[in-house]
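Report on one structure; see the data block that follows.
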Amino acid sequence: MKMLLAEYEAIAARHSQLPVRKSLDVLLKEFAHVPGHVLRSIVSGCFVRWVRKNHHRFSSVTSRAMYYGHFKERSKSPRPGFLLEMADQMKFSPSLLCRLILENYLTEIGDPQGKKRITNLLKDSSLIRDKVLAFEVFYCTINDPFYGPYNDAKKKYQVSQENEIRLKDFLREKNIAFLDENDLRDQGFDKTVDVKLSVPAVINGENIIMWIESKSAFGDPKTHAECTREQYHSYVNRFGPGLVIYWSGFVDELQHCPENQIGNSIVYLADSPPEDIRSMIDLV
């Protein structure tokens, strides 16, 4: 769906006022006209950006020592789920909090640590010798909607793959020939768009495109600006004008933002494959 910037900002502002794990449930009630998968994508994008911006604050040596000290104190007479409560109070990811605590725990017991070791403990908390910590880690990971082994990350990857398959099936049905990422890599391209059309196509009766990029995320201003800077510019420079499909919707005003004009080419936006698409071969 296409959403006005004002409504997107209202959703993002409301999300920032709520506990991370409860945000989506509240938003589903307060913005009932917005599809659930769109709200989930918006919330996920907002939270991931917030974590990136603030992670250094939570992961400092002083902060990690404080979190581990809190865990040790509470573990003397534990009430199940106290680390999850702590993460809620911090508005932080439960799984990332556990990762920080595990760093100090492994140091204290003299266990070789590292990202891979900690990731393995998050995946299988039964490997943690401290049984209180083992349960708290397990409880946090299964209740974390954004990070950790039991969250939506794998589902997001699957959705991304499914959307690419949907796009390719759609193009085949329309008899639009194309090259995918693997084909482009075989040809030596380092920057690979999801679909490079073998022959230019016309969409909506007037706009010529040479490529299509599939995005499962919601197209908010920051996401679109980042993708334009890191991806779309190079696609246009290599292939010419193209189309970006934001399957979870996008902010309507982005269709007319000046960044979409790259040289003499334009990046067009849509929330689904355009039904009105024809290969230029068919127009000759």
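Quick note: the coordinates plus some simple rules give every number you see, no bench work behind them. Computed from a prediction, not measured in an experiment: that's the story for all the values here. For neighbour counting, all protein chains shown are included, and Cβ atoms are generated from backbone atoms with ideal geometry for every residue, glycine included.
Key figures for this structure:
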read-out	value
Volume in Å³ per residue [convex hull over Cα atoms, computed for the range 155-283]	107
Kirkwood-Stokes translational diffusion coefficient of the chain, alpha-carbon pairs, 4 °C, 1.567 mPa s, µm²/s	61
Contour minus Cα-Cα distance for residue 255 and residue 56 (0.36 nm per residue)	68.2 nm
Length-normalised contact order of the range 61-173 in % [C-alpha pairs under 8 Å, at least 6 apart]	25
Mean residue ellipticity (222 nm) of the chain, computed from DSSP H runs ≥ 4 via -39,500 (n - 2.57), nearest 500	-16500 deg cm²/dmol
Gaussian network model of the chain, Cα within-10 Å springs - most flexible of 65, 32, 177	32
Dipole in debye (nearest 20) - the chain, about Cα centre, beta carbon charges: Lys, Arg +1; Asp, Glu -1	1360
Cα Rg over Rh - the range 2-142, Kirkwood	1.04
Cα centroid separation, the range 80-96 to the range 237-284 (Å)	41
Helix runs (DSSP H) in the chain reaching 24 Å along axis by Cα, Kyte-Doolittle at least -0.5	36-58
Ascending count of other beta-carbon atoms within 10 Å, so fewest first, for 268, 105	268, 105
Size of charge dipole - the range 1-81 - debye, nearest 20, with Cβ of Lys, Arg +1 and Asp, Glu -1, no other charges	460
Which of 98, 140, 257, 46 has the fewest Cβ neighbours within 10 Å, and the rest in rising order	257, 46, 140, 98
Considering only the chain, percent of DSSP beta bridges that pair antiparallel, nearest 5	50
Farthest positive-ward along the range 2-142 dipole, Cα basis, beta-carbon charges - from 75, 112, 55	112
